[in-house]
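> Below are the C-alpha cells for one structure; questions will follow.
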Amino acid sequence: MQRAEVPREPLKITDTTLRDGHQSGLATRLRLEDMEPIAEEMDKAGFYSMEVWGGATFDVATRFLNEDPWDRIRILKRLLPNTPLQMLLRGQNLVGYRNYPDDVVRAFVHHTAEMGIDIFRVFDAVNDERNFETAFAAIKECGKHIQGSLCYSLTQPKLGGPIYNIDFFVKKSLVLQDMGADSLCIKDMAGLIAPQDAYDLISALKKALRIPVQLHTHYTSGMASMSYLKAIEAGVDIIDTALAPFALRSSQPAVEPFVVALQGTPRDTGLDLAHLFKLGQYFESIAPKYRDFLDTTKMSVIDIGVLMHQIPGGMISNLVAQLRELNALDRLDEVYAELPRAREELGYPPLVTPTSQIIGVQAVQNVLLGRYKMISTQVRDYVYGLYGKPPAPIDPEVQKLALKGYPRGDKPITCRAAEVLEPEMDKAKEATKDIAKDIGDVLIYALYPTTGMKFLRCKYGLEEPPAAVKPKTLEDVRREDELIAKAKAGKLVEVETAPPGSS
Ligand code: CO
C-alpha cells in the first residue's frame, strides 16, 4: 500500500466558544452582552472561522434569554469583520425540532445570510441527502459557503459493521460534494470517534474528496484530543475547538494545547498562545455568572458510559430523567439492552436531535409497557418517512404496527420528506401582521409559534418578560461567595443578606 503524503498545510481552527462551547457546557445560556466586549479581540486571533449561531442558540435566546437571535449575528458581524461567521443548521429542521416546508427553509437561509452568516454547516439527523437539497440551493443563491455535514454514528464500539463503515461515510460525502458542498464535516456530536478510526476515516475522505475536510467532535468520552491528533496526521484540514474555559467536558477539546503541540511542525496553526490566553482570561472573568448551569454533580469530567454504550451523554441523562419520573430507575439496564434493539428495528438512525429522543422514548416504552404496545406519534411520523430515509430498512413488523391507523396512510412515503409539507410562510405573515416589524420577526414565529409569539410580545413591550430571564450579575456572584465563605468558616448566615435571584 502506498503511504499517504505527509500533509504540509497549516491546521485551520474553527472556534466554537460562542456556540457549541456554551451550548455543551452551560446549557446555551451565554448572552450577547458577554460576547460583545471580547469580539474584536477574538477577531484578531486568526481563526479560520467562528461558530457563533444556530443549533440551540436560536431557541434558547428567544425562550429563556429574551434576546433577539438576529441581533446576535448582526452585531457579531460588525465586531468580527475579518473572521468568517459560521452557524449550525439542522437541514430541513433549521434550528427547530421538526421538518419545515421549503418556503420556510428558503426564507430562513436568505435572512440568515443577509444578517451575516458566511459558512452554513448543514446536517441531517438521518444523513438523508434529500433533506439538504433546499438548504443547499438557498445557501448557494446567497453566495455563501455550504459545509455538508454527516452525523458520525456507530452500531458497535468502533467504526465498521454493516452500516457505519468507512465506505458509508465516503459514499455519502461524495454525494454531498456532488450536490455542491464547498467543504465536508464529520460531525461527531457524541464524542464517539476513536483515534485510529479518525485516522482511517479522514485518510479515506482526503483521498476521495477534492473539497476540504473538517472534523467536529466532543470531549465527552475523553478520546477527542487523541482523535484530533490522529486526524491531523491523516491530513484533516480544519478542526473545531473552544477556548479552554469553555472546552473539555461535553464541549470541544481546548485549542491551546494544539497550538503548542503542533508548533514547529508542518501543521503549525500559527495562532498566538499569549493572545488565546488573554481571550481565555476574559471568559474566566464572566464565567461565574453562568456557573449555575455547569454540571457539577460528578467529579469526572468525562463520561465512561459513552465508551460502554456508544449512547450520547445527553441522551443517557434524558433516559435517566424519564425513568426517574416514572419511578422505574431500576430498569435502566433493561433500557440499555433494549435501545440497540429498537434502534436496529428502526433502521439504525444516528442518535442526534431529534432521532435520539424518538428512539429513547420508544425504548423506555418498550421496556415498561411491552414491545411496541404503545408507539409515539414521533415514531409513527418517523416510520412514515417524515424525517427522511434511515440508513437501514425499518423492520417490516414494526412498520406495520407503527402505521396501523396512522392518519396519513399505512404506506411510508419514498419521496423527499418536505414534498408532503404545505408552505407556511404566508400563514406566518398573516398570524404576525400586527406585531412583526420584519421578516426576522416572522421567522421567529414560523419556527416556534408558541414561544416565538411570546418572545415577540415581550420584545415589543406587550408583555413583561418572565423574571427567570434576568442573568445573575457578578455582584450577585460576589455576595454568594461571601455567604459560602462565611458558612464554611462556621459563622451564622443572615437570611436577609441572601442575594436576590440566587435560589
Ligand atoms: Co457539537
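> Over the Cα atoms of the chain, what Rg and Dmax result, in angstrom?
23.1, 74
> What pairs from Lys404/Lys427; Lys373/Lys427; Lys140/Lys172; Lys187/Lys207; Lys77/Lys459; Lys140/Lys454 go past 27 Å between their alpha carbons? Mind showing how you got there, number by number?
Details: Lys404/Lys427 31 Å; Lys373/Lys427 37 Å; Lys140/Lys172 20 Å; Lys187/Lys207 19 Å; Lys77/Lys459 22 Å; Lys140/Lys454 33 Å.
With Cα atoms farther than 27 Å apart: Lys404/Lys427; Lys373/Lys427; Lys140/Lys454.
> Each residue of the stretch 45-50 in order: what ³J(HN,Hα) in whole Hz does its phi give by Karplus 6.51 cos²θ - 1.76 cosθ + 1.60, θ = phi - 60°, with x for Gly and Pro?
Once θ is set to phi - 60°, the couplings for the stretch 45-50 become 5, x, 5, 4, 7, 10 Hz.
> What does the charge add up to near Lys144, with Lys and Arg as +1, Asp and Glu as -1, over the other residues with Cβ less than 15 Å from its Cβ? Show your work: numbers first, answer last.
Working: positive: Lys77, Arg106, Arg121, Lys140; negative: Glu51, Glu114, Asp118, Glu141, Asp182.
Here the count lands on -1.
> I would also like to ask the following. Identify all aspartates and glutamates with a Cα-Cα distance to Lys488 below 15 Å; exclude those on the same chain that are fewer than 8 residues away in sequence.
Reachable aspartates and glutamates: Glu480.
> Let me ask something additional. Tabulate in residue order the Karplus-calculated ³J(HN,Hα) for the stretch 56-63, using 6.51 cos²θ - 1.76 cosθ + 1.60 with θ = phi - 60°, rounded to whole Hz; enter x for Gly and Pro.
Values, residue by residue: 8, 5, 5, 4, 5, 4, 7, 7 Hz.
> Which loop trypsin sites (Lys or Arg not before Pro) in the stretch 326-370, with loop taken from DSSP, have no more than 16 other Cβ atoms within 10 angstrom of their Cβ? All intermediate terms of the calculation are to be shown ahead of the outcome.
On the way: sites: Arg331, Arg341, Arg343; in loops: none.
Answer in residue order: no site qualifies.
> Can you report the principal axis dimensions of the stretch 214-312 using only the alpha carbons, biggest first, rounded to whole angstrom?
Largest first, the stretch 214-312 extends 41, 37, 19 Å along its Cα principal axes.
> Just need the relative contact order of the chain here, percent rounded to a whole number, with Cα pairs under 8 Å and 6+ apart.
Numbers: 867 pairs, mean separation 81.7, N = 503.
It comes to 16 percent, rounded to a whole number.
> A follow-up question, please. How much length is gained if the chain between Asp481 and Ala392 is pulled fully straight, taking 0.36 nm per residue apart and subtracting their Cα-Cα distance, in nm to one decimal?
Values: separation 89, 0.36 × 89 = 32.04 nm, distance 5.35 nm.
Taking 0.36 nm per residue and subtracting the Cα distance, the gain is 26.7 nm.
> Run through the stretch 145-181 and list the trypsin sites (Lys or Arg not before Pro) located in a DSSP loop whose Cβ has at most 15 other Cβ atoms within 10 Å.
Numbers: sites: Lys158, Lys171, Lys172; in loops: Lys158.
Within the stretch 145-181, the qualifying trypsin sites (Lys or Arg not before Pro) (loop, at most 15 other Cβ atoms within 10 Å) are Lys158.
> When the expected Rg is taken as 2.2 N^0.38 Å, what fraction or multiple of it is the alpha-carbon Rg of the stretch 311-420?
Values: Rg = 13.8 Å, N = 110, 2.2 N^0.38 = 13.1 Å.
It is 1.05.
> With the dipole of the chain worked out from charges on the C-beta (+1 for Lys and Arg, -1 for Asp and Glu) around the Cα centre, which of Leu89, Leu307, Thr134 lies farthest toward the positive end?
Looking along the dipole axis, the top candidate is Leu307.
> When N counts the residues of the stretch 372-464, how does its alpha-carbon radius of gyration compare numerically with 2.2 N^0.38 Å, as a ratio? Each step should come with its number before you reach the end.
Numbers: Rg = 18.3 Å, N = 93, 2.2 N^0.38 = 12.3 Å.
Expressed relative to 2.2 N^0.38 Å, the Cα Rg reads 1.49.
> Of the listed peptides 312-319, 144-151, 420-427, what is their order by residue-averaged count of other C-beta atoms within 10 Å, with the highest listed first?
Working: 312-319: 20.0, 144-151: 24.0, 420-427: 13.5.
Ranking, from highest mean packing down: 144-151, 312-319, 420-427.
> OK, next. Please work out the FRET efficiency for the pair Glu463 and Asp71, using the Cβ-Cβ distance as r and a Förster radius of 22 Å; give the result to the nearest 0.05. Write out the running numbers ahead of the final one.
On the way: r = 19 Å, r/R0 = 0.85.
E(calc), rounded to 0.05, equals 0.75.
> Which FRET efficiency, nearest 0.05, do Ser300 and Val420 yield, Cβ-Cβ r, R0 51 Å?
On the way: r = 45 Å, r/R0 = 0.89.
The pair Ser300/Val420 has a calculated efficiency of 0.65.
> What's the extension gain from Ala274 to Lys207 if we count 0.36 nm per residue and subtract their Cα-Cα distance?
Numbers: separation 67, 0.36 × 67 = 24.12 nm, distance 3.57 nm.
Full extension of this stretch gives 20.5 nm more.
A short reminder: the numbers here are calculations on the coordinates, not readings from a lab. Computed from a predicted structure; not experimentally measured. Methodologically, a virtual Cβ is constructed for each residue, glycine included, from the backbone with ideal geometry; neighbour enumeration extends over all protein chains shown.
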